[in-house]
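Chemist: Here you go, one structure.
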Amino acid sequence: MIPSDTPEIAAALAHPQWRDELLTEYAPLGERLNPLMPCIEWQVQLPWIDAILKLKRQRGAVILAHSYQTPEIFHGVADITGDSLALAQAAATCESDLIVLCGVHFMAESAKILAPHKTVLIPDPEAGCSLASSITASDVLELRRQHPGVPVVSYVNTSAAVKAVSDACCTSANAVQVVEAMGSERVIFLPDAYLGAHVAKHTQVEIILWHGRCEVHEKFTAAQARHARERFDAKLLAHPECPPEVLAEADFVGSTSAMTNWLDRERPPRVALITECSMADNLRVRFPETSFIKPCNLCPHMQKITLPKIHAALLHRQHAVEVPPEIARKAKRALQRMLAVGRRETV
Ligand code: 13P
Ligand code: SF4
């Protein structure tokens, strides 16, 4: 149940006339979200969406939302949506001085590092990531000591402190390209062991791995993937954070944006997105002619971001992300090296 913790929201929920006016005003959005939520839920979400959109205009804010955000956020209030690379690029280039980052903490930190003069708010500062918490800056320094002279590429799913002791960052959309841009025969790749193993299969560069895992993607099994294909005749699209035996079953492996682009090109009748559940919900709106088959797993960290928390962040300008200047300066170098490489959609 969504709490009605402001007078404005409580009035909209309680007053039938106000509610009917909102339902008429937002009818096109309501229709798009209709397949994804019962109408009673839509009536509860709507006053929050309306209040957030008004507050966003008043504050001149821009809302960035990752593909794993729930549909009412992704379709209801976000200005820019995409994978972690797209959000990092948008933070660096968007016009607004106030960014609300609907995603997990490392994404908000990256936005702040790339746009230090802007205010970056995260609606719930506790929205973490099992990959980011799997490694510290001291671990990276120890790896460097064990492998002198070998460059370090860190996945953006890391803390600012880890980025600061890395040579370059990458996302799942450009990992191979960044590794090869290091110009070295060996590269330390961290923290995701599965993404690292996937990269190693697509390059001649020798990859030294860390043992981090995504707690959402590591749960998928090859048997689930085969079941989706054999039982439903579905195409299988998998995120490279999945175990290798799952990736081996997939028709396509790529970042969240790459999966979207693949669907746009191929338009299969049935597909199983082997990734976070909200991604399939968001794409169901865009590709109504495609049936989306489970399996999927929810990311508990992404799910911490809700409409009431976005509203509170905007209202009180709360949970501004700060990064110590020396760490930010070094982390920015690693992020900018990644942005200079850009995007490669196929791995
Ligand atoms: P993308 O880089 O594809 O957005 O993935 C980020 C993430 O956290 C996946 O679990
Ligand atoms: Fe981190 Fe996995 Fe959640 Fe992505 S899905 S934010 S990698 S825990």
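Chemist: Looking for whichever is over 25 Å from Ser130 (Cα atoms), at pLDDT 95 or above and surrounded by 15 or more Cβ atoms within 10 Å (Cβ to Cβ) here; the options are Thr306, Thr290. Which one fits? Reasoning before the result, please.
Modeler: Working: Thr306 fails: over 25 Å from Ser130 (Cα atoms).
Just one listed residue meets the conditions, Thr290.
Chemist: I'd like the residue in region 84-105 that is of a type in the set (Gly, Ala, Ser) and in a helix (DSSP H, G or I) and, out of all such residues, is nearest to Met279 (Cα to Cα). Lay out the reasoning, then the answer.
Modeler: Narrowing region 84-105 to residues of a type in the set (Gly, Ala, Ser): 84, 86, 88, 90-92, 96, 103.
Subset that is in a helix (DSSP H, G or I): 84, 86, 88, 90-92.
Values: Ser84: 13, Ala86: 15, Ala88: 19, Ala90: 19, Ala91: 21, Ala92: 24 Å.
Only one residue tops the list, namely Ser84.
Chemist: With the requirement that a residue be closer than 23 Å to Pro268 by Cα and out of contact with any strand residue (DSSP E or B) (no Cβ under 8 Å at 6 or more places or on another chain), what does region 187-230 give you?
Modeler: Hits for region 187-230 are Thr221, Ala222, Ala223, Arg226, His227, Glu230.
Chemist: Would you pick out the residues in region 157-182 that are in contact with a His (Cβ under 8 Å, 6 or more places away or on another chain) and surrounded by fewer than 23 Cβ atoms within 10 Å (Cβ to Cβ)?
Modeler: Answer for region 157-182, where residues must be in contact with a His (Cβ under 8 Å, 6 or more places away or on another chain) and surrounded by fewer than 23 Cβ atoms within 10 Å (Cβ to Cβ): just Val176.
Chemist: Being away from ligand 1 (no atom under 16 Å from the Cβ) and within 12 Å of the chain's Cα centre (by Cα) is the filter here; which residues of region 80-127 pass it?
Modeler: Hits for region 80-127: nothing passes.
Chemist: Residues Leu237, Leu190, Leu195: which one is surrounded by 22 or more Cβ atoms within 10 Å (Cβ to Cβ), under 20 Å from the mean Cα position of the chain (by Cα) and more than 14 Å from ligand 1 (Cβ to nearest atom)?
Modeler: Values: Leu237 fails: more than 14 Å from ligand 1 (Cβ to nearest atom); Leu195 fails: more than 14 Å from ligand 1 (Cβ to nearest atom).
After applying the criteria, what remains is Leu190.
Chemist: Being touching an Asp or Glu at 6+ places or on another chain (Cβ under 8 Å) and either over 18 Å from Lys332 (Cα atoms) or part of a helix (DSSP H, G or I) (or both) is the filter here; which residues of region 106-134 pass it?
Modeler: Correct list: Lys112, Ser130, Leu131.
Chemist: Now a separate question. Return the residue satisfying two criteria in turn: it lies in region 1-25 and is part of a helix (DSSP H, G or I) and surrounded by fewer than 10 Cβ atoms within 10 Å (Cβ to Cβ), and of such residues it is modelled with the highest pLDDT. Quick ask: steps written out before the conclusion?
Modeler: Here is the first cut: in region 1-25, the ones part of a helix (DSSP H, G or I) are 7-14, 16-25.
Still in the running and surrounded by fewer than 10 Cβ atoms within 10 Å (Cβ to Cβ): 7, 16-17, 24.
Details: Pro7: 71, Pro16: 72, Gln17: 76, Thr24: 94.
So, considering only residues that are part of a helix (DSSP H, G or I) and surrounded by fewer than 10 Cβ atoms within 10 Å (Cβ to Cβ), the one modelled with the highest pLDDT is Thr24.
Chemist: What helices (runs of 4 or more DSSP H) completely inside region 252-347 contain at least 2 residues that are closer than 18 Å to Leu36 by Cα and in contact (Cβ under 8 Å) with a residue 24 or more places away in the chain?
Modeler: Working: elements: 256-266, 277-286, 307-316, 325-341.
The helices (runs of 4 or more DSSP H) meeting that bar are 277-286.
Chemist: Report the residue count in region 204-234 for those that are over 16 Å from Asp251 (Cα atoms) and either crowded, with 16+ Cβ neighbours inside 10 Å or within 16 Å of ligand 1 (Cβ to nearest atom) (or both).
Modeler: Residues meeting the conditions: 13.
Chemist: Would you call Val77 more than 16 Å from ligand 1 (Cβ to nearest atom), in a strand (DSSP E or B) and among the hydrophobic types (A, V, I, L, M, F, W, C)?
Modeler: No, not satisfied.
The values are calculated or read from the model by the stated rules, or taken from the named source; none is laboratory data. Since the model is a prediction, treat every value here as computed from it, not as a measurement. Cβ atoms come from the backbone with ideal geometry, glycine included; neighbour counts cover every protein chain shown.
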